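Data first, discussion second: the structure below is written as structure tokens.
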Amino acid sequence: MSTIDIYTTPHCGFCKQVKAMLKERSILYTEHDVTASEDALNEMKGISHGALSVPVVVADKGTPQQKYAIGFEEAKKLLGEQTEEKSKKQGDTALLTCPECDHKQEGTIPTTSCVPFYACDGCKKTIRAAGEDCCVFCSYADKPCPISNKKKGGCADGSCSV
């Protein structure tokens, strides 16, 4: 693996875990904050075929050998991390309410990644998680995200409890 790029958000606990794993293994990487750059978000969506979840880890970006992983468990596999733990399956569903148009749509609550954006089927806008929430399920869902530290007023320490 010659290069590693990681698409993240500042409040994603899974992103922090991947970066810690890379640092522990002395693997250099380039980080792209998708909440700070529309270009980074669009690049991530292009590489990952439209994913709106983070982390997205890309090995050998822009080469014929390019590979990517979405979420912490897939990132560990991509980076050759051996694990006894089986990958977690995606979680329960929740009803997301768009803050722009009040449209309600069902989404699958993730268990190995954060979802800082979603595409509203009503107004067709890309909706961001509110404030320091790690994902849109913390911000707009009808039931709490099972991996969140969310307490009254936002996610504790601005990250998931992963």
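Read the figures in this text as sums done on the coordinates, not as results from a lab. Everything numeric here is computed off the predicted structure, so don't read it as measured data. Quick reminder, even Gly has a Cβ in these numbers, built from the backbone with ideal geometry, and neighbours come from all protein chains shown.
Quick rundown of the values:
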{"quantity": "Total charge dipole magnitude, the range 4-78, about the Cα centre, Cβ charges on Lys, Arg, Asp, Glu only, Debye to nearest 20", "calculated": "320"}
{"quantity": "Extension reserve of the Cys101-Lys125 stretch, reckoned as 0.36 nm per residue once the Cα distance is removed", "calculated": "7.7 nm"}
{"quantity": "Residue-span extension gain [Thr63 to Arg25] - 0.36 nm each, minus C-alpha spacing", "calculated": "11.4 nm"}
{"quantity": "Efficiency of FRET from Cβ geometry, Glu38 and Ser2, R₀ 30 Å, rounded to 0.05", "calculated": "0.65"}
